[in-house]
Amino acid sequence: MPGYLNFAIDLVPFEKPPAALVGPFQVNKNLQSGKRIFTGQLKGPESFTVDDEAVRWHSVRRRNLADGGKQRRVARFASFQQLCYTECNIYTGTVNGKLWMISGDQLHFITQMGQNIPECGTPDYEPVCSRPHGVQMDKDSNLIVVDSYSGLYKVSPRTGEKTLLLPSEKGVDGLPFKFLNGLEVSNKNLIYFVDSSSNLVFHLHVLIKVIETNHLGCLLAYDPVTRRGRTLLSGLYMANGIALSLDEDHILIAETSIYRLIRYWVSGANAGKNVFVDNLPGYPDNIRLSNMGLYRVGISTTRFPGFFFPFLDALGPYPFLKRFITKVTPLSFYSVFLHKHSLFLETNDKGDIVATFQCHLGCQ
């Protein structure tokens, strides 16, 4: 399938040399002993959430920040991992449009977000079968799901019943959604989510949008009480994963195409946005607040220098070269040049990267 097909090209020069592989970026094997589970059963899981005790723990954790309960939070942090393995279910959506529940070592199908046909799981049929990208649990134990193509949903994890809260064709502020992605739900049940780009219409073209380096993404909010959505922030570079802070006064947003995280202040004297972490060692995807109070950021593709300079970095300053490649090169061609290196990193609430967890080749 050749490059851009029938959509407009808006190529922007961008250049920022990769950071040196020193300090926390130094290559390590902290993920080498990782174990694959449900191999061949879960196809491309993207986002995870949990229910029951873990959700109550998450809410208490945030409330405790306001009342000074630091010691209680630490105790809950320490027990969370064991708690989830023994007392909660895990939920995720996959590339074939399905929602799943993981209970212990058992995998349970919940529902199909789009059409359920044999071709689901293949790139060409993704808009037909749907793509549940963001998945979170609200305080009423419903799954809140952003389907990249059809909109924002509420789903019963028990029955699989789906309620469309905000259709993509309607969108917000007169603009339809093009490719919904990251999702968060606050303690007040306010739903935050992002639209990656206002002219991205097919998942196959995500890499093209990264090459473009345009800023057509936005952060949105939906209030289930008023049933209204609104745009909080626009002009984002390939908006992807998001995470609410402990006290919910700000949101971290991954700007994938320019390898940085920004912070958007929802309330308080700092209202607005600022750069949280810049020049990451790869392209950030999902963000989650860990049981240690650190943000964990998944890196979809690293920018580690090797025998060749990182492919996408090499293209960055040259719009004419980007244009030529996206017009004549099959999309499958790009993966040949992408570094096969698994990585997620941890950052504190000041934006300092404190650790990375890596695996080269063996985890692939």
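Looking at Asn274, is it buried (at least 21 other Cβ atoms within 10 Å of the Cβ), at pLDDT 75 or above and part of a strand (DSSP E or B)? Spelling it out, it is not the case that Asn274 is buried (at least 21 other Cβ atoms within 10 Å of the Cβ), at pLDDT 75 or above and part of a strand (DSSP E or B). With Asn240, Asn214 as the choices, which residue is buried (at least 18 other Cβ atoms within 10 Å of the Cβ), assigned to a strand (DSSP E or B) and among the polar types (S, T, N, Q)? Matching residue, one of Asn240, Asn214: Asn240. Quick one: in the stretch 189-211, of everything that is part of a loop (DSSP other than H, G, I, E, B) and in contact with a strand residue (DSSP E or B) (Cβ under 9 Å, 6 or more places away or on another chain), which residue is modelled with the highest pLDDT? Only one residue tops the list, namely Leu190.
Modelled with pLDDT of 95 or more and under 13 Å from Gly351 (Cα atoms): is that true of Leu252 in this structure? Spelling it out, Leu252 is indeed modelled with pLDDT of 95 or more and under 13 Å from Gly351 (Cα atoms).
Give me a count of the residues in the stretch 283-300 that are assigned to a strand (DSSP E or B) and modelled with pLDDT under 90. Residues meeting the conditions: 1. Please work out if Asn187 is within 15 Å of the chain's Cα centre (by Cα) and among the polar types (S, T, N, Q). When the stated conditions are applied, Asn187 does not pass them. Flag: Gly40 matches the condition of being more than 23 Å from Arg296 (Cβ to Cβ), modelled with pLDDT under 90, outside any helix (DSSP H, G or I) and of a type in the set (Gly, Ala, Ser).
Tally time: how many residues in the stretch 135-188 are on the phi > 0 side of the Ramachandran plot and either buried (at least 17 other Cβ atoms within 10 Å of the Cβ) or in a strand (DSSP E or B) (or both)? Number satisfying all stated conditions: 2. Of all residues in the stretch 139-173, none satisfies the criterion of being under 15 Å from Asp223 (Cα atoms), among the acidic types (Asp, Glu) and modelled with pLDDT of 95 or more. Here Tyr192 does not qualify as in contact with a Gly (Cβ under 8 Å, 6 or more places away or on another chain) and hydroxyl-bearing (Ser, Thr, Tyr).
Just wondering, is there one or more residues in the stretch 220-240 that are farther than 30 Å from Lys170 by Cα and basic (Lys, Arg)? I'd like the intermediate steps shown before the answer.
Step one: list which residues in the stretch 220-240 are farther than 30 Å from Lys170 by Cα, which gives none.
Looking through the stretch 220-240, none of the residues is farther than 30 Å from Lys170 by Cα and basic (Lys, Arg).
Conditions tested, residue by residue: (1) within 17 Å of Ile208 (Cα to Cα); (2) touching a strand residue (DSSP E or B) at 6+ places or on another chain (Cβ under 7 Å); (3) of a type in the set (A, V, I, L, M, F, W, C).
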site	(1), (2), (3)
Tyr264	no, yes, no
Asn291	no, no, no
Leu294	no, yes, yes
Asp313	yes, no, no
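The values are calculated or read from the model by the stated rules, or taken from the named source; none is laboratory data. Nothing here was measured: the structure is a model prediction, and the numbers come from that model. All Cβ positions, even for glycine, are placed from backbone atoms using ideal geometry, and neighbour counts span all protein chains on display.
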